[in-house]
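All remarks here apply to the structure that follows.
The numbers here are math on the coordinates, done by the rules we state, and not lab data. These numbers were taken from a predicted model, which means no experiment stands behind them. Every residue, glycine as well, gets a Cβ built from its backbone with ideal geometry; the counts of neighbours run over all protein chains shown.
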Amino acid sequence: MSESEPTADVEPPADELTTTAADDVAATLQFFLEIDRLKGVERRNWLTDGSRRENTAEHSWHLGIAAMIMAPFATEPVDLGTAVCMALVHDIVEIDAGDTFAYDQGEHLASKEAREQAAADRLFGLLPLAMGARFRDLWDTYERGDTPEARYVMAVDRMAPMLLNIAEGGSTWAEHGITRSRVIDRNGPHIEPALPAVWAAALAQLDAATAAGKIDPS
């Protein structure tokens, strides 16, 4: 055959295709089992009934539902599918990195970014390439906060534990000396622009709990 003659595309052997698919299935199932460990990562805030502390898997599920039901009150149009996926993915890194308390100001906060980047590399690297890249993009976008979906999920992520802490009676805040002003300073700048009506309702609940003596008013 001369150099000018076209060459036919060569299909990979069927057994190679099967091996690739089998490898992807195996990687997917490995990741599925690995993320079960998120159920064992304890957070600081309590369930609303005060029976025990919440774990990160429960938080992620609750956040996904919150993203669905609070979307009508968002100030920016959001792709709800992307937002819910982002909510479910955003804390997977805590399997390796652990939970960093929202009001932490010490060494644990200083090392948070490095710990979570390393965790993202390992955990999303367990998945097949395309799916791993999708998960990593969702996580990176959330961390940057530079899309409507990221800003919305960040607002809901701040809103959820605030509402839980108020409903439970503020035990975690009392334990760590968190005052009303610190709650507002941490959460308001993210929640109010994205969910102003929800923020107003939450603020009213915070003020009622403060008036009842459950929250430090300072």
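Find the relative contact order for segment 99-217 and round it to a whole percent, using C-alpha pairs within less than 8 Å whose residues are 6+ positions apart. Walk me through the numbers before you get to the answer.
Values: 80 pairs, mean separation 25.1, N = 119.
Averaging sequence separation for qualifying contacts and normalising by length gives 21 percent for segment 99-217.
Computed from point charges on the beta carbon alone (+1 for Lys and Arg, -1 for Asp and Glu), the dipole magnitude for segment 25-148 about its Cα centre is near 240 Debye. Close amide H partners of D216, meaning residues 5 or more places away or on another chain with modelled amide H under 5 Å apart, are R180. Sparsely packed loop sites in segment 30-63 (the trypsin sites (Lys or Arg not before Pro) outside DSSP H, G, I, E and B with at most 13 other Cβ atoms within 10 Å) comprise R52.
Kindly state, to the nearest 0.05, the FRET efficiency for Q30 paired with A110, given R0 = 25 Å and r defined as their beta-carbon distance. Could you put the intermediate results ahead of the total?
Numbers: r = 32 Å, r/R0 = 1.27.
Efficiency at R0 = 25 Å is approximately 0.20.
Working from label points 7 Å from Cα in the Cα-to-Cβ sense, the R122 to A174 distance is 3.8 nm.
Note on the chain: with charges restricted to the Cβ of Lys and Arg (+1) and Asp and Glu (-1), its dipole about the Cα centre is near 1420 debye. Annotation: the chain has a Kirkwood hydrodynamic radius of 19.4 angstrom, from the mean reciprocal C-alpha pair distance. With a Förster radius of 45 Å applied to the C-beta separation of L129 and A211, the computed FRET efficiency comes to 0.25.
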